[in-house]
Amino acid sequence: GNILIMGGPGSGKTTIALFKAKEIVEKGGLKNGQKILFLSFARATISRVEEHAGALIPPEIKSSIEINTYHGFIWNILQKHGYLLSAQPLKLLPPHEASTKMAGVKKEDIPAKAHAIFEGSGFVHFDIFASLCAELLEKSTALRNIICDIYPVIILDEFQDTNPDEWGLIRLLGKTSTLI
């Protein structure tokens, strides 16, 4: 079942999660083609986790663990299946353009403005990645089941930094996948 690993900074939460992933793979907890998904927020963190995993986990087991950022994982889904949300091709709204388009918009109004931009042009603002993906997976149970079949175990590093939209997405995936 789901596991919550608690501890202060530097206490070994990530190491424990990686060892748990290693154990799942070693004990045959994955079917052919399945992977354990390890998500965190920053590319710098992902690089450290990749390095740490390389030191702790043999390459043949590490190949069954996909390490990615939330945004990278979500963007992959949106790029491949975003046509289910919009007839227009989805395009990433670069940060400098997002700043220009959001100039003068109150912080609490940014998600609504970002959704309006998306609906009008297909441009996706970073702030609505998770909510769009959750909407997509809510509409398409089949797609959600496919993703959960590929990733039956999802490790959420730095979980305390998860915002409500990301948590909504994770809760959807957690209906089928095991969350650590």
For the chain, one quarter of the surface area of the C-alpha convex hull, expressed in nm², comes to 11.1 nm²
Modelling each spin label as a point 7 Å along the Cα-to-Cβ direction, I'd like the residue 150/residue 176 distance in nm, to one decimal. 1.2 nm
Just to confirm a number: summing +1 for Lys and Arg and -1 for Asp and Glu over residues other than residue 149 whose beta-carbon lies under 15 angstrom from that of residue 149, what do you get? +3
If each part is reduced to its alpha-carbon centroid, the stretch 83-145 and the stretch 1-21 end up apart, in Å, by 32 Å
Provide the net charge surrounding residue 18, with neighbours chosen by a C-beta distance below 12 Å and charges set as Lys +1, Arg +1, Asp -1, Glu -1. +1
Candidates 66, 50, 97, ranked by Gaussian network fluctuation over the chain, Cα under 10 Å, top entry: 97
Tensor-based shape of the stretch 106-156 (alpha-carbon gyration tensor, a/c under 1.5 rounded, otherwise prolate or oblate): prolate
Per residue accessible area in Å² of the stretch 15-108, where ligands, DNA and RNA are left out and the probe is 1.4 Å: 59 Å²
Could you give me the ³J(HN,Hα) list for the stretch 103-109, computed from phi with Karplus coefficients 6.51, -1.76, 1.60 and θ = phi - 60°, whole Hz, x at Gly and Pro? 4, x, 8, 4, 3, 5, 9
Hey, in the GNM for the chain with a 10 angstrom Cα cutoff, which one of 42, 112, 21 fluctuates hardest? 112
Taking amide hydrogens as modeled 1.01 Å from N in the peptide plane, which residues meet the under 5 Å criterion relative to residue 36, leaving out close sequence neighbours? 65, 66
Mind checking which of 110, 46, 74 has the largest fluctuation in a GNM of the chain, springs on alpha carbons under 10 Å? 110
Formal net charge of residues neighbouring residue 68 (Cβ-Cβ distance under 12 Å; K, R +1; D, E -1): -1
List, in the order given, every pair from 20/139; 31/62; 35/80; 62/139; 13/62 whose Cα-Cα distance in the structure shown is over 25 Å. 20/139; 62/139
How far apart, in nm, are two points set 7 Å out from the Cα along the Cα-to-Cβ line at residue 105 and at residue 76? 2.8 nm
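The values are calculated or read from the model by the stated rules, or taken from the named source; none is laboratory data. Remember, it's a predicted structure, so these values are computed and weren't measured experimentally. All Cβ positions, glycine included, derive from the backbone under ideal geometry; neighbour counts span all protein chains shown. To get the accessible areas, we keep the full protein, side chains included, count just its heavy atoms, and leave off ligands, DNA and RNA. Shrake-Rupley method; radii C 1.70, N 1.55, O 1.52, S 1.80 Å.
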